[in-house]
Amino acid sequence: MKILVPVKRVLDANVAVRVKPDGSGVDLANLKMSMNPFDEIALEEAVRLKEAGVASDVVAVSIGPAQAQDTLRSALAMGADTAILVLTDQPVEPLAVARLLAVLVEREAPDLVIMGKQAIDDDSNQTAQMLSALVGWPQATFASKVEVSEAVVTVTREVDGGLETLELDLPAVISADLRLNTPRYASLPNVMKAKKKPLEQIEASELGIDLTPLLKILETRAPEARKPGSTVESVADLVERLKTEARVI
Amino acid sequence: MSTLVLAEHDNARLNPATLRAISAASALGAPIHILVAGEGCDAVAAEAASISGVEKVLVANGAALAHGLAEPLGELIVSVAEPYRHIAAAATSFGKNVLPRVAALLGVMQVSDISAVVSDTIFERPIYAGGAIQKVEATGEKIVLTVRAPAFEMAATGEATAPIETVAFTPSSPARTRFVGKERAAGKGPDLASARIVVSGGRALGSAENFEALLTPLAETLGAAIGASRAAVDAGYAPNDWQVGQTGKVVQPDLYIAIGISGAIQHLAGMKNARVIVAIDKDPDAAIFGVADYGLVADIFEAVPELTKALS
Ligand SMILES: Cc1cc2nc3c(=O)[nH]c(=O)nc-3n(C[C@H](O)[C@H](O)[C@H](O)COP(=O)(O)OP(=O)(O)OC[C@H]3O[C@@H](n4cnc5c(N)ncnc54)[C@H](O)[C@@H]3O)c2cc1C
Ligand SMILES: Nc1ncnc2c1ncn2[C@@H]1O[C@H](COP(=O)(O)O)[C@@H](O)[C@H]1O
């Protein structure tokens, strides 16, 4: 069985975002970029399915600039077998990403697509659902447990109010939540090996998908700061202030 | 053209997040229809008909719709989408699961998690875990929105009686996704997403036993819901759906008490719009103090029992 794992290159989760003063966007110059954390989880799950003998092939895909090669090399070091980079320098919206992925799904014919539930830059949380709708495959988002048996995958989902379990016929699309697994660190030998694994590059324009954005970003601004608070000296002081000053209790 | 809002419910009761999505929809200025899809959900339809601002209720009943699965719901919404300019739902795990499918099938982008309606085509939404706010204009013929529910008031219910119309729906193909079951997280107190007071615990609690022993009495005393940081949930101190943050729940209570939570941006994303924030942490440099109205530098194992006692 073959698993396709889309991975996005994003600003590292530990780096504080800075908004450009002119409101034109966020400043990414010279900042550390990493694989989207949810995509690491998705990839880890795919690699574990391979190690368990369930999957035979794990293909990582990224849509983005040439630097996304680094993201794909990390994916290869974590255990992906091959990688595909769909090259484009412009930002690509989730719908266009889903359409590009649909073309690759057709070409690669995977049995399962496991992706992140959300890219932590735009926080869209759309692409997996869109891909599922476009290719007409069953979907299970926000997965915290995945079990494959024969032609069926059973997925436990993190939903409001608890956990939901679904059974999907393969092929299917799954999006990973935080507690699906803890991704491994790639060992040095695996980082070295990854350099020799195949990484195919395709120009996005060759896939015949219109990448023109449908949402116009008018402005990006910093959120309003909260007014500075104060330090209380004791529990008694805190209770007093909550009662008389803030009047919330 | 009108606006269609997808109702969220458990076939018995409407989720209050839907009332907030209705408020956001009201700001668009067009008549609002609400779609109640489920099985045996007539009581929900009646409740929906009583929301002020709702002009019509559409009800679709059927076994395929019983568990809120995304595939039949997406297909249903697309089948009724024609007269609507906007299609919206609350950005809960339910709304996030369904609406992007609708957008994809209609060939438009979804505007996710809107926190403000600027005009009927322009919206604000947080990105980078709330580290920035983006103002976006939707250019498509149809506009699909998920609504950051706590950012909007609840629409009133009770007075109105909108007409209820039945919609026929049969899925075009046999289901390839089957509902197996749902395990409900045991929660006794008020609902986290809509509680007036939230008491949240972090990694500092150290164990599920401590989490329960320290937070439950305080929450009960205050009539508060309990939340948690990701670290606390990952460590098994609290169920997953208590997680507050970028990838958990967004809450906007009158009072949020953070207990042993350092204040990572991903956590702040879910609570920094609370009216009053209290933080208790032993590290005076913890980032949580940067957003707290009242900061108490103390050991939680001493301060929290003392606080509970002082309040009861
Ligand atoms: C993709 C991604 C998504 C994420 N999503 C979320 C999310 O939705 N929600 C979320 O919460 N996090 C999220 N995180 C994790 C986030 O980055 C932090 O790791 C997490 O919030 C830390 O939890 P914490 O504050 O409980 O733990 P810590 O950061 O370890 O903080 C514990 C605090 O307790 C204090 N402390 C310890 N002992 C005591 C004591 N006895 N008395 C008083 N104080 C004490 C310490 O001083 C410290 O400030 C996400 C991370 C990533 C990468
Ligand atoms: N440019 C991209 N390249 C590869 N995968 C992507 C890209 N954008 C989004 N994805 C995938 O879609 C998931 C959800 O992203 P989003 O819908 O943007 O929040 C991510 O976790 C990735 O798995």
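The values are calculated or read from the model by the stated rules, or taken from the named source; none is laboratory data. Keep in mind that what you see is a predicted model, and the values were worked out from it rather than measured. So basically every Cβ, Gly included, is an ideal-geometry build from the backbone, and we count neighbours across all protein chains shown. Each accessible area value is taken on the protein alone, full model and side chains, heavy atoms only, with ligands, DNA and RNA left out. Shrake-Rupley method; radii C 1.70, N 1.55, O 1.52, S 1.80 Å.
Note: chain A, Cα convex hull, 187 Å³ per residue. For chain A, relative contact order (Cα pairs under 8 Å, six or more residues apart, normalised by length) works out to 23 percent. The GNM of chain B, with springs linking C-alpha atoms under 10 angstrom apart, assigns the highest mean-square fluctuation among B:G29, B:G74, B:G201 to B:G29. Computed log10 I(q)/I(0) for the stretch A:183-226 at 0.23 Å⁻¹: -0.87, from the Debye equation with unit scatterers placed on every C-alpha and solvent omitted. Between A:D22 and B:A12, the simple spin-label model (points 7 angstrom out along Cα→Cβ) gives 5.8 nm. Report the convex hull volume per residue for the stretch A:148-196, counting only C-alpha atoms, in Å³. Taking only Cα atoms, the stretch A:148-196 has a hull volume of 130 Å³ per residue. Buried between A and B is an accessible area of approximately 6800 Å², summed over both sides with a 1.4 Å probe.
In plain terms, the C-alpha convex hull of the stretch B:209-298 casts an average shadow of 5.3 nm² when viewed from every direction. With Rh defined as the Kirkwood radius, the inverse of the mean 1/r over Cα pairs, the Rg/Rh of the stretch B:192-253 is 0.94. Projected label points at B:D42 and B:M154, each 7 Å from Cα along the beta carbon direction, are separated by 2.6 nanometres.
Taking each residue as 0.36 nm, the span from A:S234 to A:A151 lengthens on full extension beyond its C-alpha to C-alpha distance by 23.8 nm. Could you let me know the centre-to-centre spacing of the stretch B:251-311 and the stretch B:102-151, using Cα atoms, in angstrom? Here the two parts' Cα centres lie 30 Å apart.
Size check on the protein assembly as shown: the Cα extents along the three principal axes, sorted descending, read 66, 64, 50 Å. Cα centroids of the stretch A:185-249 and the stretch B:8-79: how far apart, whole angstrom? Comparing the Cα centres of the stretch A:185-249 and the stretch B:8-79, I get a distance of 31 Å. Of the GluC sites (Glu not before Pro) in the stretch B:1-69, the ones in a loop by DSSP (not H, G, I, E or B) with at most 16 other beta carbons within 10 Å are B:E39. Identify all lysines with a Cα-Cα distance to A:K227 below 21 Å; exclude those on the same chain that are fewer than 8 residues away in sequence. Straight-distance partners of A:K227: A:K243, B:K272. The C-alpha atoms of chain B define a longest principal axis, and helix B:93-106 lies at about 40 degrees to it. DSSP assigns beta bridges within the protein assembly as shown; of those with both partners inside it, close to 35 percent run antiparallel.
Rounded to the nearest 10 degrees, what's the angle between the helix A:94-108 long axis and the longest principal axis of chain A, both from Cα atoms, 0 to 90? Value to nearest ten degrees: 20. Each principal axis of the Cα cloud of the stretch B:141-290 was evaluated for its coordinate range; sorted largest first, these ranges are 59, 37, 35 Å. Over the stretch A:1-50, one equal point on each Cα, no solvent: what is log10 I(q)/I(0) by the Debye formula at q = 0.17, 0.27 Å⁻¹? With one equal scatterer per Cα and no solvent, log10 I(q)/I(0) is -0.61, -0.99. With N the number of residues in the stretch A:1-138, Rg(Cα) / (2.2 N^0.38 Å) evaluates to 1.04.
In summary, the lysines within cross-link reach of A:K216, defined as a Cα separation below 20 angstrom excluding same-chain residues under 8 places away, comprise A:K20, B:K135, B:K142.
Among the protein heavy atoms of chain B, carbon and sulfur supply 50% of the accessible surface, probe 1.4 Å, non-protein parts ignored. Counting only the Cα atoms, the stretch B:40-194 fills a convex hull of 158 Å³ per residue.
Computed over every Cα-Cα pair of the stretch A:125-249 and binned at 5 Å starting from 0, the pair-distance distribution P(r) comes out as 2, 7, 9, 9, 9, 11, 14, 12, 8, 6, 5, 5, 3, 0 percent. Cα-Cα pairs above 15 Å in the stretch B:45-112: how many percent? The share of Cα pairs beyond 15 Å in the stretch B:45-112 comes to 58 percent. Label separation (A:D210 vs B:E137): 1.8 nm, computed from points 7 Å beyond Cα along the C-beta direction. Estimated from the Cβ-Cβ distance and a Förster radius of 56 angstrom, the FRET efficiency linking A:D169 and A:K243 is about 0.45. Ligands, DNA and RNA are left out, and with a 1.4 angstrom probe the accessible area of chain A is 43 Å² per residue.
What's the whole-number percent of alpha carbon pairs in chain B lying beyond 38 angstrom? Result: 19 percent of Cα pairs exceed 38 Å. The trypsin sites (Lys or Arg not before Pro) found in the stretch B:184-292 that occupy coil by DSSP, while having at most 12 further C-beta atoms within 10 Å, are B:K188.
With axes computed from alpha carbons, what is the tilt in degrees of helix B:208-222 against the longest principal axis of chain B, rounded to the nearest 10 within 0 to 90? Tilt relative to chain B: about 80 degrees. Solvent-accessible surface of the stretch B:44-200, taken per residue with a 1.4 Å probe and all protein chains present: 39 Å². Restricting the calculation to Cα atoms, the stretch B:126-206 shows an Rg/Rh of 1.04 when the hydrodynamic-style radius is the Kirkwood one. Three principal axis extents describe the C-alpha atoms of the stretch A:22-96; from largest down they are 52, 22, 20 Å. In the stretch A:53-199, inverting the average of 1/r over every pair of distinct C-alpha atoms gives 16.1 Å as the Kirkwood radius.
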